[in-house]
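In what follows, a structure is listed as structure tokens, so that the remarks can point back to it.
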Amino acid sequence: MPMDPGAKFVTFVPLVPIVAVMVVLSGGSWDRWRVAGLVLLVMGMTLLTVARLQLGNSFSVTPQAKVLVTRGIYSKIRHPVYVFSAIALVGMALYVPVHWLLLLLLPIIPMQVWRARREEKVLIARFGEEYTRYKATTWF
């Protein structure tokens, strides 16, 4: 099923300011931390975008159980949007370089774990044993 316009918007529009920040801040010295940041940022944003595309119209801000997506990245990681957004944030903090941005992970990681648990309750209620089997074969 093709992605609806809202899902496309949420997938692609956030890339614009991130690329803009990367272009504006592309000057400066290139030490190993900045190179690592660029690699993590590009990898994180690429995999985050792929995960969002694979999730398709099943994306929602609040936990909903529309379809159980178990293909692609979701065959290995149950919550890749959370994982790859954290990796992208680390990359951005190293690339910019504004290392204090790493402190944002202190509230973000527990919040994402909490959100994942809420989502899993909804998915278990809707898909039951099918979700439990899927969960047993994947990470986070």
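With respect to Trp114, is the statement that it is open to solvent by 50 Å² or more (accessible area, probe 1.4 Å), within 19 Å of Leu47 (Cβ to Cβ), aromatic (Phe, Trp, Tyr) and within 16 Å of the chain's Cα centre (by Cα) true? Explain how you work it out, then say what you get.
Working: open to solvent by 50 Å² or more (accessible area, probe 1.4 Å): yes; within 19 Å of Leu47 (Cβ to Cβ): no; aromatic (Phe, Trp, Tyr): yes; within 16 Å of the chain's Cα centre (by Cα): yes.
Taking the combined requirement at face value, the residue does not satisfy it.
Any residue at all in the stretch 115-134 that is in contact with a Ser or Thr (Cβ under 7 Å, 6 or more places away or on another chain), at pLDDT 95 or above and in a helix (DSSP H, G or I)? I'd like the intermediate steps shown before the answer.
Kept after step one, since they are in contact with a Ser or Thr (Cβ under 7 Å, 6 or more places away or on another chain), are these residues of the stretch 115-134: 124, 134.
Okay, now just the ones that are also at pLDDT 95 or above, so 124, 134.
Going one step further and asking which of them are in a helix (DSSP H, G or I), we end up with 124, 134.
Yes, the stretch 115-134 has at least one match.
Consider only pairs whose beta carbons are under 8 Å apart and that are at least six residues apart or on different chains; among these, list those whose first residue lies in the stretch 1-14 and is closer than 11 Å to Gly56 by Cα and whose second residue is in a helix (DSSP H, G or I) and open to solvent by 60 Å² or more (accessible area, probe 1.4 Å).
Listed by first residue and then by second, the contacts come to Met3/Leu53; Thr11/Leu53.
Can you find, within the stretch 10-47, the residue that is farthest from the chain's Cα centre (by Cα) among those that are of a type in the set (D, E, K, R) and open to solvent by 60 Å² or more (accessible area, probe 1.4 Å)?
Of everything passing the filter in the stretch 10-47, Asp31 is farthest from the chain's Cα centre (by Cα).
Quick test for you: out of Arg52, Arg34, pick the one residue that is touching a Pro at 6+ places or on another chain (Cβ under 7 Å) and either at pLDDT 95 or above or charged (D, E, K, R) (or both).
One residue alone meets the criteria, Arg34.
Taking interchain pairs and intrachain pairs at least six residues apart, which have beta carbon atoms under 8 angstrom, with the first residue in the stretch 98-121 and within 16 Å of Val61 (Cβ to Cβ) and the second of a type in the set (D, E, K, R) and at pLDDT below 95?
From residues that are within 16 Å of Val61 (Cβ to Cβ), there are no pairs.
If I filter the stretch 66-83 for residues that are surrounded by fewer than 14 Cβ atoms within 10 Å (Cβ to Cβ), closer than 18 Å to Val10 by Cβ and more than 15 Å from the chain's Cα centre (by Cα), do I get at least one hit?
Yes, the stretch 66-83 has at least one match.
Could you tell me whether the stretch 86-96 includes any residue that is without any contact (Cβ under 8 Å) to a residue 60 or more places away in the chain and either open to solvent by 40 Å² or more (accessible area, probe 1.4 Å) or assigned to a strand (DSSP E or B) (or both)?
Yes, the conditions are met somewhere in the stretch 86-96.
The values are calculated or read from the model by the stated rules, or taken from the named source; none is laboratory data. A quick note: this is a predicted structure, and the numbers were derived from the prediction, not measured. In this analysis, Cβ positions are derived from the backbone assuming ideal geometry, glycine residues included, and neighbour counts consider all displayed protein chains. With ligands, DNA and RNA removed, areas are computed over all heavy atoms of the protein, side chains included. Shrake-Rupley method; radii C 1.70, N 1.55, O 1.52, S 1.80 Å.
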